[in-house]
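These notes concern the structure reproduced below.
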């Protein structure tokens, strides 16, 4: 039996990788993938707690997150493509339309 | 409740009056033809004027109570009602508003070529908003109308105005909004203090602690002082007046400026009587400064419209002076002067608009000798000039005299100082008249010149005639208006002078109480 | 009642009809409406006068004018002895001047306008004298000022006329400022502004004081002085006399009617009307007398050296008005009104006569360019002589009786009285001199104008000369209603007639004193004639020599003591400059607009700095978010 703490540590590691990727990588696609990593790390911990507490709520939330993540990825990529048509770059540090 | 009289008539006359312009505006949505739009707007305003007349004829002058009252639940969970009614103070402004709206449509007949539909929609929306402000007896309703009236005015200035219109419109809007927002805070505080009612009459009958009165008075003062406008909150006025199209200037001077003083009478004085008495002196000082300051600035103006705009500052200084004299003559004079100012300054802006259509200049130095060029115009203008100066026999005299009388009765020194404004008033108006109408005209403007200026046509005479008649009517028989006010003013003064804090009359003592 | 209401209403109707239809329809027929209207008023006024002599003093309220709180005032008429005399003066002279104007204004482009304004003036003046309360008096007071403004500026294409009209109105406003406050103070004191109520309670507030800026003053004195302010403005007394000479820019009939016979005497009328108040204040009475006396001599000295024929007469008017105030100030109210009444005739005659001269010379007003008109204009010359004899106080003519009465009453008026009498007598000498100077320069000697003018010299038409003759009759015989008791028992009929309103003079003197004063005034009248005769007939080169000899004095007088310049430098220019540079330029634009535009500018500047936080880089936002999350988690772990 794998103890709960292992799952949590795994989740934390994956989340940290996601955060690092989100902050450090310049390619927008990879930024997106980092985002997915973070979401999935949350999923890991939710599923683990669900199992640990013998409650279905955690797993229900996992399904929600998967759905939302799919939708988000779809919209995000759509925006990305639309943006790329006007401004042929996907490097994050070259995109600063919101600069004040 | 005992202090209202439910609508005496068989139909909801106030609702009809307020919402007829809205109905007219909706009708305009389906029209394309500019001529048709003009006629529809004119008919709507005339109809509004006509259906508002029974308010005057059926008005019960013997009572101070709210009349023609309509009350329906609107948002019961918040204690908000659709509650409207009028008394002797507001009835005259209904009349003034509906009348000036007709005239401002008439004067825009030829002047507005561009976006006529939007223009007339804005005018009608503005009329509904102004009427709503004067009839609302529920703070929620009042505030909606108060802010709703800003938007069409903002558009009138910003879209159909002169070269600096955007600056003027934004200045006007922000200035007024800052004041209104403070008033909104005041309203919210009142709502919670009174335990969840927005009924203006109930709120007026309650007693508030002096400290609360002090702060609430200031909050309301911010909104009203900007609207009046009192010195030193007046600088939006010259810009707004100068840039606004004629109809906008007329409504601005005729009705919008009255909202501030009306607010003092309807809210500040009955709700915060002790604070009102505390603020008499500061307001007297500001009023006297306004009177003299406005007049002096007029002496230095080079632009026709700006001059009249600054003269409004001077005249409205008289109004606040009279209102805060807190005696019958002062308050009645103040109310009458508001109506007078609406008539005279409204007419002056109408006339300036008419001449501007012909000469396309507002610079005083470009004129001269116009009494020879346009004699009828000059003849009507001199009547307005002397009504503005306050010559006996015109309405201006009655208002100014009663105000000076009231002020002198209350505080001699301020009465005397304010009276100097009468001398200066003669100075700048006669100077203006001489520059524009006397001496030798520029031959260019003559009948055989390059830009011949024609005299008034029938439409313009019809536009001006009611105002000219009112000037003399009120001048020789002011009781026609004064009689509406007596009961309400007397009741108001009873409220204000009923002191919960007698003996602490000096400002210092009261301020110690507060802080 | 209708009869009395019609007196002012007829001229008002004439005004309304002429102003509305004159331009397009009536045109040069305007007098067909105006003259009958004013003549009708005259007939009604005579009938009203008859009623009063029969003992019917009328006091009627027509309708409530202003009602507000405890303040209440009606439109109403009081027709008593004083009013009835004023009615006769106003309507009779108006009628004559209206007729005269038919000839004088013939062919003027604004003919209808002229008669319209003149009718409005008559209406206003009648309202002024018929009012039964102070506010209605104030109405008439301002309305005559309005008409004066229109009529002075009648030829508005001339800048000088436009300026003069404006000046008259604004200078009068200074006086009216005090007058208006006086009316308010009267109401606050007596609780009413009806003449009858105020005057019957006049004594009830004796000894009360009013606090002005920390000092206590006698209440009645303050009221009287405030009222007198108005009189000073309207009757062109020192220091508000400056508008009247300039008012000569108006057409001559206007000068005669408004600026000599009627409107400018409104101040005298008002003070006489308020005699129950003035009697209670020694200070106010002395002020009135001294202002009057000083004005009499001040204006007379200026009149000595002026060259414009109308201005000489204008200064003469100011001086004569000073006489009237002198009389009022020593308590001889009926003498003041008597002089008002005789003055109206001879001064109107002088003005209309000068109008006849100006007309003949095609608008030449400079006396240095006249001379020798005697043989061309015999009727004008004759009436001029009559008017001059009258004004200088030659026994037998109207002016003699009234002027003598004033000097005699002044003489009896205690210590200040003697001084005032001296002022009056010296002024009489000066009056005589400049009046004869005017005659000699205008009618005697050789004609000094152009040949062109000389060629066209002619006597004026009948429509001008007939009113002159009527006025001349007045200038001779108007005085016989006030023969001093010394010459005829019960001769002072006007004094007795007015006594119910104005009371009897306070002092009585001996026959010897009266004789002395009378002899003195006749002597100075003759003296003035003699000096003028010496200087302008015997040795015409003398005036120039005298002028050279007293150059500074001459300049001072010629420039009217530089009063206009003084006001311009100390009052008008500073106010205009201050309003432009200080009030508008500095306070309004710099300070207030500075704050109004400065606050948004400040917020804007702050935002421009602050917005640089928004880099637009996604990773920056992410980092901030991560750090924020860390901070919150840290807080929850370590601080809880």
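Just so it is clear, none of the values below were taken in a lab; they were calculated from the coordinates. Small disclaimer: the values here were computed from a predicted structure and weren't measured. Here the Cβ positions follow ideal geometry from the backbone for every residue, glycine too, while neighbour counts run over all protein chains shown.
The value given for chain C is a Kirkwood hydrodynamic radius of 26.8 Å, derived from the mean inverse Cα-Cα separation. Working note: Debye formula, equal point scatterers on the alpha-carbon atoms of segment B:2-83, no solvent; log10 I(q)/I(0) at q = 0.12, 0.25 Å⁻¹ is -0.50, -1.14. Taking the Kirkwood radius as Rh and the Cα radius of gyration as Rg, segment B:279-476 has a ratio of Rg/Rh equal to 1.02. Shape summary of segment B:209-323, radius of gyration then Dmax from alpha carbon positions: 14.5, 49 Å. Among rounded, prolate and oblate, which fits segment B:156-206 when a ≥ b ≥ c are the square roots of the eigenvalues of its C-alpha gyration tensor, a/c under 1.5 means rounded, and a/b larger than b/c means prolate? Taking the square roots of the gyration eigenvalues as a ≥ b ≥ c, segment B:156-206 is prolate. A straight line joining the Cα centroids of segment A:1-58 and segment C:247-279 runs 104 Å. Per-residue shielding of C:204-215, expressed as the average number of other chain Cβ atoms within 10 Å of the residue Cβ, stands at 1. Partner shielding of C:575-588 amounts to 5, given as the average count of beta-carbon atoms from other chains within 10 Å of each residue beta-carbon.
What is the angle, in °, between the Cα long axis of helix C:378-392 and the longest principal axis of the Cα atoms in chain C? Nearest 10 is fine, range 0 to 90. Approximately 80 degrees, to the nearest ten. Sorted into 5 angstrom bins from 0, the C-alpha pair distances of segment C:1-80 split as 3, 14, 18, 16, 14, 13, 11, 8, 3, 1 percent. The overall shape of segment C:4-133, judged from the alpha-carbon gyration tensor, is oblate: a/c is not under 1.5, and a/b is no greater than b/c.
Going by a ≥ b ≥ c, the root eigenvalues of the Cα gyration tensor, does chain A fall in the rounded group (a/c under 1.5), the prolate group (a/b larger than b/c) or the oblate group? Prolate is the answer for chain A, as a/c is 1.5 or above and a/b outweighs b/c. Applying D = kT/(6 pi eta Rh) to chain B, where Rh is the Kirkwood radius over alpha-carbon pairs, T corresponds to 4 °C and eta to 1.567 mPa s, the Stokes-Einstein value obtained is 56 µm²/s. Our analysis of segment B:317-391 gives Rg over Rh at 1.13, with the two radii drawn from alpha carbon positions and Rh computed by the Kirkwood formula.
The value obtained for segment C:251-343, namely the Cα convex hull volume divided by the number of residues, is 73 Å³ per residue.
Compared with the direct C-alpha span, the chain from residue A:68 to residue A:6 gains 19.7 nm at full extension, assuming 0.36 nm per residue.
Here the alpha carbons of segment A:43-90 define both size measures, Rg and Dmax, at 16.6, 51 Å. Counting other Cβ atoms within 10 Å as a rough exposure proxy, the listed residues B:191, C:104 run B:191, C:104 from fewest neighbours to most.
Counting every other Cβ atom within 10 Å of each residue's Cβ, B:306, B:71, C:273, B:454 order from fewest to most as B:454, B:71, B:306, C:273.
Comparing mean-square fluctuations of A:41, A:11, A:55 from a GNM of chain A with C-alpha springs under 10 Å, the top value falls on A:55. When you restrict to C-alpha pairs under 8 Å that are six or more residues apart and normalise by the size of chain A, the relative contact order lands at 27 percent.
Sorted largest first, the principal axis extents computed over the alpha-carbon atoms of segment B:144-286 equal 49, 34, 20 Å. Separation of segment B:268-334 and segment C:413-441, taken as the distance between their Cα centroids, equals 50 angstrom.
Taking the convex hull of the Cα atoms, report for segment C:142-283 its projected area averaged over all directions, in nm². For the Cα atoms of segment C:142-283, the hull's average projected area reads 8.9 nm². The share of alpha-carbon pairs in the protein assembly as shown lying farther apart than 61 Å comes to 27%. Sorting A:56, B:429, B:130, C:367 by the number of Cβ atoms found within 10 Å of their own Cβ, with the fewest placed first, yields A:56, C:367, B:429, B:130. Distance from the C-alpha centroid of segment C:477-495 to that of segment B:375-417: 45 Å, rounded to the whole angstrom.
Considered as an equivalent ellipsoid built on the Cα gyration tensor, segment B:94-191 has semi-axes of 27, 18, 9 Å, the largest given first.
Averaging 1/r over every pair of different alpha carbons in segment C:548-640 and inverting the result gives a Kirkwood radius of 20.6 Å.
Its residues counted as N, segment B:390-482 yields a C-alpha radius of gyration over 2.2 N^0.38 Å of 1.51.
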